[in-house]
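Written out below as structure tokens is the structure these notes cover.
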Amino acid sequence: MAFLEPRHHELAERVRAFADEALAPIEHEEEGVDELAVRILARLGEAKITSYAVPAAYGGALEKLDVRSICVIRETLAHRMGLADFMFAMQGLGSHPIYLAGSEEQKQRWLPKVARGEAVAAFALTEPEAGSDAGALACRARRVGDKWVIDGRKRFISNSTIFDVMTLFARTGEGSRGVSAFVVPKDTPGIRVQVQETICPHPLGEVIFEDVRLPADALLGQEGIGFRLALATLDVFRATVGAAALGMAQRAQDEAVRHVKSRRQFGAPLAELQGVQFLLADNEAELQAARLLVHRAAWMKDAGAERITQEAAIAKMVATENAQRVIDRALQLHGGLGVLKGTPVERLYREIRALRIYEGATEVQKAVIARGLLSRK
């Protein structure tokens, strides 16, 4: 079965041409990550690539979100630059709860700007003591008159240093049904951001809310639906993390093939050594297997499946784990050149590591898969 349609292949070619023209010249620039991220997002917006993160009713490219298109874009961008993929993906992740539950006023205010790349979106769920266990959130929102008062901390929040609009999940009651979601604009008084540096530059930070006051209409939908909103959003975007991993792994495989064909040892190209060929073959098999799983999960969602929780978990787990091995083998094939800072495989080796953790670590995906398996009658 072909999970992708001709339009998806055409989209991949268009994004690839954009990446070659707009991203290649800045691929190795060393400017501050925040400035580079904003500049990349502006270029993605000008090329109308960010429009695929929002439905057409609010400035998007397609009538409804097409998960296969998002996967194609993420894989193609990640092949060139992980930060470009990330900036595109966060536009969807950060704005999707607004699309699902926001008022018409909230949607009209933010979604067209997100689609044009003019507003940077963020998704604030993780906390110091609540990562994969989102039901354990401690950040609280309490109603005081006509305001919501927010107190607490969010950790590892992407785009927190540059956001224009943030979807915030905070506790308004007890248990998973006591979580609500809010729209938080930038420059809201009482918010502080502490930068968190990672092994690969990223606009990441810990967000501290101290007596932050939001208007009553900042609430997304009704009280108590925040946990469901978070899961529904992750259900759409989790499989696309696998697509980003595929882009990084494919770049590593391409670099490895190029290197072993040109590098000579013992009087012949490395590519003639059977041990080298076996490593490349393992890479190719793992790449193709993971790609099928990612495209299958995306196709199921586009075909109308209400939930793809288990399929997305399988796709995310296999694609990110396979990508880690593919990139590791590619680095090994480069020898000493593979660990030189600034080479593509060295950068990819750092970039891929986070994908096995964010939006649910591999171990969480295994728990989701097993739970689905054991619940069958």
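The values are calculated or read from the model by the stated rules, or taken from the named source; none is laboratory data. No experiment lies behind these values; they were computed from the predicted model shown. We place every Cβ from the backbone using ideal geometry, glycine too, and count neighbours over all the protein chains shown.
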Set 45, 59, 94, 102: member being at pLDDT 95 or above, touching a Pro at 6+ places or on another chain (Cβ under 6 Å), within 25 Å of residue 234 (Cβ to Cβ) and not assigned by TED's automatic domain parsing to the domain that holds residue 249
59
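Okay, residues lined up against (1) acidic (Asp, Glu); (2) crowded, with 24+ Cβ neighbours inside 10 Å:
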site: 75; (1), (2): yes, yes
site: 84; (1), (2): no, yes
site: 94; (1), (2): no, yes
site: 98; (1), (2): no, yes
site: 107; (1), (2): no, no
site: 122; (1), (2): no, yes
site: 128; (1), (2): no, no
site: 157; (1), (2): no, yes
Enumerated helices (runs of 4 or more DSSP H) restricted to the range 50-118, each holding at least 1 residues that are closer than 25 Å to residue 180 by Cα:
82-101, 104-116
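How about the range 348-365: which of its residues are part of a helix (DSSP H, G or I) and either more than 17 Å from residue 323 (Cα to Cα) or of a type in the set (Val, Ile, Thr) (or both)? Walk me through how you get there before you give the answer.
Going residue by residue through the range 348-365, those that are part of a helix (DSSP H, G or I) are 348-355, 362-365.
If the condition is that a residue be part of a helix (DSSP H, G or I) and either more than 17 Å from residue 323 (Cα to Cα) or of a type in the set (Val, Ile, Thr) (or both), then 352, 362, 364 are the ones that fit.
Per-residue answers, yes or no, for (1) farther than 24 Å from residue 366 by Cα; (2) assigned by TED's automatic domain parsing to the domain that holds residue 336; (3) not β-branched (Val, Ile, Thr):
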residue: 245; (1), (2), (3): no, yes, yes
residue: 260; (1), (2), (3): yes, yes, no
residue: 303; (1), (2), (3): yes, yes, yes
residue: 323; (1), (2), (3): no, yes, yes
Residue under question is residue 198, and the condition is that it be touching a residue at least 60 places away in the same chain (Cβ under 8 Å), part of a loop (DSSP other than H, G, I, E, B) and either surrounded by fewer than 14 Cβ atoms within 10 Å (Cβ to Cβ) or outside the structural domain of residue 145 (by TED's automatic domain parsing) (or both); does it hold?
yes
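Looking at the range 16-49, which of the residues that are part of a helix (DSSP H, G or I) and among the basic types (Lys, Arg) is farthest from residue 115 (Cα to Cα)?
Result: 16.
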Looking at 134, 122, 115, can you tell me which residue is under 30 Å from residue 252 (Cα atoms), of a type outside the set (S, T, N, Q) and in contact with a helix residue (DSSP H, G or I) (Cβ under 7 Å, 6 or more places away or on another chain)?
122
Assess whether residue 221 counts as being at positive phi, at pLDDT 95 or above and surrounded by 14 or more Cβ atoms within 10 Å (Cβ to Cβ).
yes
Subset of the range 207-242 [over 19 Å from the mean Cα position of the chain (by Cα) and among the small types (Gly, Ala, Ser)]:
216, 218, 221, 224, 226
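Sort out which residues of the range 62-73 are in contact with a strand residue (DSSP E or B) (Cβ under 9 Å, 6 or more places away or on another chain) and either crowded, with 24+ Cβ neighbours inside 10 Å or in contact (Cβ under 8 Å) with a residue 24 or more places away in the chain (or both), and write them in order of number.
Answer for the range 62-73, where residues must be in contact with a strand residue (DSSP E or B) (Cβ under 9 Å, 6 or more places away or on another chain) and either crowded, with 24+ Cβ neighbours inside 10 Å or in contact (Cβ under 8 Å) with a residue 24 or more places away in the chain (or both): 65, 69.
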Counting only residues that are more than 26 Å from residue 349 (Cα to Cα) and free of Cβ contacts under 8 Å to residues at least 24 places away in the same chain, which one in the range 284-323 is surrounded by the fewest Cβ atoms within 10 Å (Cβ to Cβ)?
304
Does the range 122-168 hold any residues that are aromatic (Phe, Trp, Tyr) and part of a loop (DSSP other than H, G, I, E, B), and which are they?
163
Which members of the range 27-48 meet the condition of being free of Cβ contacts under 8 Å to residues at least 40 places away in the same chain and either hydrophobic (A, V, I, L, M, F, W, C) or exposed (fewer than 13 other Cβ atoms within 10 Å of the Cβ) (or both)?
29, 30, 31, 32, 35, 47
For the range 142-191, give me each residue that is under 19 Å from residue 233 (Cα atoms) and touching a helix residue (DSSP H, G or I) at 6+ places or on another chain (Cβ under 6 Å).
158, 159, 165, 167, 169, 171, 176, 179, 180, 181, 182, 183
Test set (1) closer than 20 Å to residue 212 by Cα; (2) part of a helix (DSSP H, G or I) - residue 184 fails condition number:
(2)
Within the range 312-344, restricting to residues that are not in a helix (DSSP H, G or I) and not hydrophobic (A, V, I, L, M, F, W, C), the one that is farthest from residue 81 (Cα to Cα) is 341
So, residue 96, is that one within 21 Å of residue 18 (Cα to Cα) and touching a residue at least 60 places away in the same chain (Cβ under 8 Å) or not?
no
Which condition does residue 267 not pass, out of (1) of a type in the set (Gly, Ala, Ser); (2) at pLDDT 95 or above; (3) at positive phi, if it passes all the others?
(2)
Filter the range 3-15 for residues that are in contact with a Leu (Cβ under 9 Å, 6 or more places away or on another chain) and part of a helix (DSSP H, G or I); which is nearest to residue 299 (Cα to Cα)?
12
